[in-house]
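Peer 1: After the structure tokens below, expect a handful of questions from me.
Read-outs throughout are calculated quantities, based only on the coordinates presented, and are distinct from any laboratory measurement. On a predicted model such as this, the values are computed, not experimentally measured, just so you know. Please note: Cβ atoms are built from the backbone with ideal geometry, for glycine as well, and neighbour counts cover all protein chains shown.
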Amino acid sequence: MTKENRLDPQTAYLQAAPAQYINEKGILKKAGAYVSEWGGRVLISGGVRALNAAEKDLIASLDENNIYWEKNIFKGEVSQSNINIIKEKAKKMKANLIIGVGGGKAIDN
């Protein structure tokens, strides 16, 4: 299947992981409604550029759905210690969900 077909809403597309995958134009404006199904506490983690690009719509949507959120700005390399930092932040704030924003190293962690 070509990349173009995956983005076509008329084409069947199976995504094995993560458990839920939504690909839709403007989805950040609706994210809070989807996130609320998983609980009311979210850690948002990503690189600076990706967070800056997504944060206005994403945070507005979370706020509209009364979801408490905290932000983790990823800097550095993929490592167990960086994974543990994100894990501990999520645990400390009692996050129900971690939203990864961006790509590359920020998501690999």
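Peer 1: When the residues of the stretch 37-70 are narrowed to those that are buried (at least 18 other Cβ atoms within 10 Å of the Cβ), touching a helix residue (DSSP H, G or I) at 6+ places or on another chain (Cβ under 6 Å) and free of Cβ contacts under 8 Å to residues at least 40 places away in the same chain, which ends up nearest to LYS89 (Cα to Cα)?
Peer 2: Among those residues, the one meeting the criterion is TRP69.
Peer 1: Looking only at the stretch 71-89, count every residue that is among the aliphatic types (A, V, I, L, M), over 23 Å from LYS56 (Cβ atoms) and in contact (Cβ under 8 Å) with a residue 24 or more places away in the chain and tell me the total.
Peer 2: 2
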